[in-house]
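Notes follow once the structure below has been shown.
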Amino acid sequence: MLKLLVAVDGSENGLRAVRHVADLARRGIRVEAVLLNVQPPVMSGEVGAIAPAELAEEVRAAASAEALRTARALLAEAPVPAVEQVATGDPAQAIVSAAEAARCDGIVIGRRGLGLVASLALGSVSSQVLRLATLPVTVVK
């Protein structure tokens, strides 16, 4: 069975990656998924007397839950067995580390499509994953 880490962020581009994995299963490829949502760490500028760190963490937890719920539902239709994980930190590094820790055969990630200028200036998570990963990476447009 092919074990794939699928990075999900709740965006349409992320859901395309999930649909790609579901489509592999519909084509008869035995696949299982590790769904990973990466949240940024709570930054000092986000918290204070009015906005405690717990509130920022609750917002991130809700965002993770929604992204994973949608992805899980898409995979269940195929059906593709899946486990869910949430990480905090640099997205590219978290994706690569989680794939390696779960002993995945590959990584599937959506392409954000920032545009040429923004991608050159900022880089993209998918580009960083491609640079960091030792596993095969599929970037879905």
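The values are calculated or read from the model by the stated rules, or taken from the named source; none is laboratory data. A quick note: this is a predicted structure, and the numbers were derived from the prediction, not measured. As a convention, Cβ positions derive from the backbone with ideal geometry for all residues, glycine included, and neighbour counts pool all protein chains shown.
At a glance:
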| read-out | value |
| --- | --- |
| Of all residues making up segment 73-96, the number that are within 12 Å of the chain's Cα centre (by Cα) and assigned to a helix (DSSP H, G or I) | 6 |
| Residue that is surrounded by the fewest Cβ atoms within 10 Å (Cβ to Cβ), among those in segment 51-77 that are modelled with pLDDT of 95 or more and in contact with a helix residue (DSSP H, G or I) (Cβ under 6 Å, 6 or more places away or on another chain) | Leu74 |
| Enumeration of residues in segment 4-49 that are small (Gly, Ala, Ser), touching an Asp or Glu at 6+ places or on another chain (Cβ under 8 Å) and modelled with pLDDT of 90 or more | Ala22 |
| Among residues of segment 1-39, those that are outside any strand (DSSP E or B) and among the β-branched types (Val, Ile, Thr), counted | 4 |
| Residue count, segment 70-92 (criterion: in contact with a strand residue (DSSP E or B) (Cβ under 9 Å, 6 or more places away or on another chain), closer than 20 Å to Ala22 by Cβ and not β-branched (Val, Ile, Thr)) | 9 |
